[in-house]
1. Name the pairs whose Cβ atoms lie under 6 Å apart, with the first residue in the stretch 135-147 and without any contact (Cβ under 8 Å) to a residue 40 or more places away in the chain, the second in a loop (DSSP other than H, G, I, E, B) and not aromatic (F, W, Y), and 6 or more positions between them or separate chains?
2. Please work out which one of (1) among the aromatic types (F, W, Y); (2) closer than 30 Å to V313 by Cα; (3) out of contact with any Ser or Thr (no Cβ under 9 Å at 6 or more places or on another chain) is the condition W179 fails and give its number.
3. Looking at the stretch 99-134, which of the residues that are among the charged types (D, E, K, R) and either surrounded by fewer than 23 Cβ atoms within 10 Å (Cβ to Cβ) or without any contact (Cβ under 8 Å) to a residue 12 or more places away in the chain (or both) is nearest to Q52 (Cα to Cα)?
4. Considering the stretch 295-305 alone, what residues qualify as being in contact with a Gly (Cβ under 9 Å, 6 or more places away or on another chain) and either without any contact (Cβ under 8 Å) to a residue 40 or more places away in the chain or part of a helix (DSSP H, G or I) (or both)?
5. May I ask you to say which residue of G265, G259, G207, G214 is of a type outside the set (D, E, K, R), at positive phi and touching a residue at least 40 places away in the same chain (Cβ under 8 Å)?
6. Select, from D35, D89, the only residue that is surrounded by 14 or more Cβ atoms within 10 Å (Cβ to Cβ), in contact (Cβ under 8 Å) with a residue 40 or more places away in the chain and among the acidic types (D, E).
7. Take the conditions within 20 Å of the chain's Cα centre (by Cα) and exposed (fewer than 15 other Cβ atoms within 10 Å of the Cβ) and apply them to A225. Does it pass?
8. Restricting attention to the stretch 1-13, which residues are of a type outside the set (D, E, K, R) and surrounded by fewer than 20 Cβ atoms within 10 Å (Cβ to Cβ)?
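Rule-based calculations on the coordinates, nothing more; no lab input. Bear in mind the structure is a predicted one, so any value in this text is a computation, not a measurement. Backbone-built Cβ (ideal geometry, glycine too); neighbour counts: all protein chains shown.
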Amino acid sequence: MLRPITYSPAYTLVPTYECFNRCTYCNFRANPGEDRWLSTDQARQILTQLGQLTRDITKPAAPIEILLLSGEVHPRSPRRQAWFQRIYDLCALALELGFLPHTNAGPLQFEEMQALKQVNVSMGLMLEQLTPKLLETVHRHAPSKQPQTRLQQLAWAGQLGIPFTTGLLLGIGETAQDWQETLAAIASLHQRYGHIQEVILQPHQPGQQQPDLGQPCDDRTLLAAVKLAREQLPADITLQIPPNLVKDPTALIACLKTGASDLGGIGPWDEVNPDYAHHSLAQLRTLLRSHGFQLRPRLPVYPAYDEWLGGEVRSRVGVWRQWLRGEEGREGEEEKIE
């Protein structure tokens with residue numbers, strides 16, 4: 001029996017790359033006022049074309065999840081409301097066209113999260129690391145990377161009943177003790193609210209656009225973090241590893257054997273790490289199968305959280321659950337034939 005490893009067939013929409021933070025490892029941002037925001041008309045054209053693709057799980061270009069990934073407009077900026085409205089409108093559009101939206105747009109206000117819950121199946125925010133010492137190094141020009149600001153976001157998500165994804169960024173100047181403290185904070189919030197569906201362990205890999213190249217996170221460090229996370233986090237929190245950021249395929253397999261079980265969103269490209277292309281699904285399937293694993297698609301909301309959803313969001317998820325059951329049945333038949 002092959003052990004399932006999941007991934008989310010995804011496409012990323014970026015409302016804007018502009019961001020008032022200047023993290024030294026960022027390959028994503030543009031300066032405030034120097035980026036043209038994605039319009040709803042542009043997004044409609046993109047999503048309409050995606051919706052016309054054949055629903056074939058071997059093709060990452062046919063997504064289920066639409067990840068709304070945005071740079072941050074300052075909370076006191078006169079353009080903040082317009083920025084938030086654009087994100088909301090893009091989520092509503094994705095939902096209207098049959099996709100499942102998941103938003104990660106940096107720290108939001110409680111009322112902003114409350115509104116976005118109506119048009120998202122889940123949301124996310126990386127904690128990265130909670131140690132304040134990074135505010136003197138990689139985060140010294142990144143006001144929204146204040147640890148308490150990010151912890152507050154996770155707490156609000158729990159209070160609002162939002163299925164949530166968070167994670168650690170590894171290799172940015174932290175220690176193993178820092179990992180332990182960050183994981184303990186995640187575990188504590190989940191034990192209180194039960195809302196953390198997955199934790200990403202993301203190894204830093206230098207990209208050409210970042211201001212300070214820094215050092216890459218090696219595979220041994222990643223594996224140590226996976227082991228610690230699986231020991232410290234509750235069993236119902238899934239551990240996610242981005243396979244395009246793992247240098248050696250044997251290291252990826254080691255991470256899966258140690259307790260990771262998800263590969264995250266896989267689509268045409270990685271917006272956050274544009275220098276590191278996603279592997280093809282065929283490559284991943286072959287690699288995983290040779291080690292006793294089976295790659296399976298999933299939704300951006302885990303089944304345990306379906307009852308948390310309401311209205312059109314819940315209805316859309318129900319349609320996709322039915323589709324997944326059909327795909328799993330087809331895969332089971334193929335496995336018997338083999």
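1. P147/L130
2. (2)
3. So the first thing to find is which residues in the stretch 99-134 are among the charged types (D, E, K, R), and the list is 111-112, 117, 128, 133.
Next, from what is left, pick out any that are either surrounded by fewer than 23 Cβ atoms within 10 Å (Cβ to Cβ) or without any contact (Cβ under 8 Å) to a residue 12 or more places away in the chain (or both): 111-112, 117, 133.
Working: E111: 35, E112: 32, K117: 27, K133: 48 Å.
Going through the qualifying residues, I end up with K117.
4. Just the residues of the stretch 295-305 that are in contact with a Gly (Cβ under 9 Å, 6 or more places away or on another chain), to begin with: 300, 304-305.
Passing the criteria: A304, Y305.
5. Details: G265 fails: at positive phi; G259 fails: touching a residue at least 40 places away in the same chain (Cβ under 8 Å); G207 fails: at positive phi.
None of the others qualify; the one that does is G214.
6. Numbers: D35 fails: in contact (Cβ under 8 Å) with a residue 40 or more places away in the chain.
Among D35, D89, only D89 is surrounded by 14 or more Cβ atoms within 10 Å (Cβ to Cβ), in contact (Cβ under 8 Å) with a residue 40 or more places away in the chain and among the acidic types (D, E).
7. Working: within 20 Å of the chain's Cα centre (by Cα): yes; exposed (fewer than 15 other Cβ atoms within 10 Å of the Cβ): no.
In short, no.
8. Step one: filter the stretch 1-13 for residues of a type outside the set (D, E, K, R), giving 1-2, 4-13.
Result: M1, L2, P4, T6, T12.
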